[in-house]
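Everything on this sheet refers to the single structure shown next.
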């Protein structure tokens, strides 16, 4: 099994990884950093955990950039686009697929070559992906499983669902736990493998039951509502205001948001606030009071209570724990 990724028009390789289709029980990690005035900055962490190949990439490109990716050997690929105010387009997997922030899908890659088109944005484009050899995948789910009817054997490549799914808060939490894992050696490998299975289950569950009866106009309005909440989560509009902004009645907005994104509008805003707060605690650049104000809480105590409900610990406990950790 071999995965190669190169920046088109340059000699710069982001990835050239060979690994066994069968589980080797190994854990290896590699960091790749690319920076140039014309290209911008690309930071990638590659992790081989057993037979799972994980790539966690931040793109801050200065100009439109194309990555040329080749996969030698049959595999499945889990795609997650997280933070972004730009788009990622994957061309060559049977169709051209455009990803916006917090979208995901699952693709089948038999001997594939594809192009990843990146557009510049004000914030880094965060892309998280896992490549799973089909031999490994079929030990988890047999080819005849009803969870992926007509998924395999298509020509030449195929996505599990006709459109991208939405990264749910639970998916995001799993990915963040993988990114911040402090374990080492076999314990880290076991942790990552377990989280990948959790993530794969949630992906298949959501894509398999993906509702198809929404009109495209309604879908666009729901996506617009989500984008408004992402931009204004510190001071979000009321349901009534959001309904007027996107042109959907309140009932359809609330029901459609829950159906499409697997969370309520209230919990989605809360998730955005808590994830940003946790990141600032990790960065150690703001006080807890400043963080509370920055994510939209006027009352420090209300923020502390909400944080504890969400993460099961006080923000001060998390901050102290991270302050003890050595800076690499």
* Asked: For the pair residue 2 and residue 197, how long in nm is the line joining their label points, each one 7 Å along Cα→Cβ?
  -> 3.2
* **Rg/Rg_ref, segment 74-129, where Rg_ref = 2.2 N^0.38 Å and atoms are Cα** => 1.11
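Order of 181, 55 from fewest to most other C-beta atoms within 10 Å? Walk me through the numbers on the way to the answer.
Details: 181 14, 55 21.
Listing 181, 55 from fewest to most nearby Cβ atoms yields 181, 55.
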* Asked: What FRET efficiency, computed as 1/(1 + (r/R0)^6) with R0 = 41 Å and r the Cβ-Cβ distance, is obtained for residue 220 and residue 182, rounded to the nearest 0.05?
  -> 0.50
* Normalise the Debye intensity by I(0) for the chain, one equal point scatterer per Cα, no solvent, then take log10 at q = 0.14 Å⁻¹ and round to two decimals. => -1.27
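Please list the equivalent ellipsoid semi-axes of segment 216-323, computed as the square roots of five times the alpha-carbon gyration tensor eigenvalues, in descending order and whole angstrom. All intermediate terms of the calculation are to be shown ahead of the outcome.
Working: eigenvalues 184, 31, 26 Å².
The three semi-axes for segment 216-323 are 30, 13, 11 Å.
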* Structure fact -> To the nearest 0.05, the calculated FRET efficiency linking residue 294 and residue 141 through their beta-carbon distance, R0 being 51 Å, is 0.75
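On full extension of the chain, what length is gained from residue 317 through residue 241, given 0.36 nm per residue of separation minus the C-alpha to C-alpha distance? Can you show the working numbers first?
Numbers: separation 76, 0.36 × 76 = 27.36 nm, distance 3.66 nm.
That works out to 23.7 nm of additional length.
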* Taking other Cβ within 10 Å of each residue's Cβ, how do 269, 32 sort, fewest first? -> 32, 269
* Structure fact -> For segment 1-101 (alpha-carbon point model, no solvent) the Debye-based log₁₀ I(q)/I(0) at q = 0.16, 0.20 Å⁻¹ works out to -0.78, -1.21
* Structure fact -> Dividing the helical contributions, -39500 (n - 2.57) per DSSP H run of n ≥ 4, by the residues of the chain yields a 222 nm value, nearest 500 deg cm²/dmol, of -12000 deg cm²/dmol
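Rule-based calculations on the coordinates, nothing more; no lab input. All values derive from a computational prediction rather than experimental measurement. Every residue, glycine as well, gets a Cβ built from its backbone with ideal geometry; the counts of neighbours run over all protein chains shown.
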